Amino acid sequence: METQKRQRGRPKSLFKESSAGTMQSLDRALGVLTTVARMERASLSDLAREVGVPTATTHRILATLQKHGFATFDDERQEWMIGIEAYRTGASFLRRNSVIEIGRPILRRLMQESGETANLAVPDGAEVVFVGQVETLNPIRAFFPPGARTPMYASGTGKAILAAMIPDAARKALGSVDPERFTDHTLTPGSDLMADLDKTRARGWSYDHEERYEGMSCIGAAIYNDRAEPCAGVSVSGPSVRFRADRAPELGALVKDAAQEITHLSGGWMRDQTES
């Protein structure tokens, strides 16, 4: 009976206009989809609680997403996950974004020159989202799955982007977060972080020493668009033992060169930092 009810109700409810001028059902469906992506796998009850939608409605949304390949259900574990169509949709964005497309071979070369995992990330509000990576062959290495997020202030790439922003934009981004100390080395928004961003701006690369994960470090640099705004960042990451302070300038120069090359090839440019 429940299956029949879903089939009858789905076409009508999907296009119901809300008072805000948007499709309420589509708003809910996209909210469920993005929540599944963030949680990676979750039970129906956990998803419904997370999005604040009744369980029956959440199930109808998931069934619709499943029908179109955007969600899939693990019968054994009774959990919902992202489907292959969600990947295809995301892959279309990756193909469209010239920075990501242009950055792929440069990431590979950066990995070979540094011996460390090379990453590409884009800003999204007060976070960075990892959209590209070339892993080092070293058995002990860093790994960030595509779509992984981290706060800007606790990321080498994020700090590089923050340092490249105009001050008002950086303050706005930092002001929208509820700071969390991930390790004893985390620099939460405040005077210590601002001083660190000043250093990053002066040398052109950031240094994240175990600020997000114990034992892992990262060095990043910003990529700029055609308006001289930071639109992405490139970094290398790995075990802190290979990111000692005496090696940081060498890695920083490689990362900075890679970021400048991607900026140039994608039609971006970098303003004189003294102007900000």
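Numbers at a glance
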| quantity | calculated |
| --- | --- |
| Under-5 Å amide H pairs with Ser217, H placed in peptide plane, nonlocal only | Glu210, Gly238, Ser240 |
| Rounded tilt (10° steps) of 191-203 against the dominant C-alpha axis of the chain | 60 degrees |
| Packing-based order for 264-271, 217-224, 145-152, using average beta carbon neighbours within 10 Å, highest first | 217-224, 145-152, 264-271 |
| Relative contact order for the stretch 162-209, counting Cα pairs under 8 Å that sit 6 or more residues apart, in percent | 36 percent |
| The chain, helix-only ellipticity at 222 nm - DSSP H runs n ≥ 4, -39,500 (n - 2.57), divided by all residues, nearest 500 | -15000 deg cm²/dmol |
| Charge dipole (the chain, unit charges on Cβ, about Cα centre) - positive-most of Val255, Thr117, Val99 | Val99 |
| Net dipole in debye of the stretch 88-238 [+1 Lys, Arg Cβ; -1 Asp, Glu Cβ; about Cα centre; nearest 20] | 600 debye |
| Note, ³J(HN,Hα) from phi for the stretch 152-164, Karplus 6.51, -1.76, 1.60, rounded to Hz, x at Gly and Pro | 4, 5, 10, 8, x, 5, x, 5, 5, 5, 4, 5, 7 |
| In the stretch 199-248, the GluC sites (Glu not before Pro) that fall in loop regions by DSSP, at most 11 other Cβ within 10 Å | Glu214 |
| Efficiency of FRET from Cβ geometry, His264 and Ala63, R₀ 30 Å, rounded to 0.05 | 0.05 |
| Prolate/oblate/rounded label for the stretch 119-198 (Cα gyration tensor, a/c 1.5) | prolate |
| Length-normalised contact order for the chain - Cα pairs under 8 Å, 6+ apart - percent | 14 percent |
| Between 0 and 90°, nearest 10: helix 24-39 axis offset from the chain longest Cα axis | 50 degrees |
| Size of electric dipole in the chain: Cβ of Lys, Arg +1 and of Asp, Glu -1, about Cα centre, debye, nearest 20 | 1100 debye |
| Stokes-Einstein diffusion coefficient of the stretch 169-276, Kirkwood radius over Cα pairs, 4 °C, 1.567 mPa s, in µm²/s | 88 µm²/s |
| Projected area, mean over directions - the chain, Cα convex hull, nm² | 17.0 nm² |
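Computed from the coordinates by the stated procedures, all read-outs in this text should not be read as laboratory data. Everything numeric in this text was worked out from a predicted model, so none of it was measured. Note: ideal-geometry Cβ built from the backbone for every residue, glycine included; neighbour counts use all protein chains shown.
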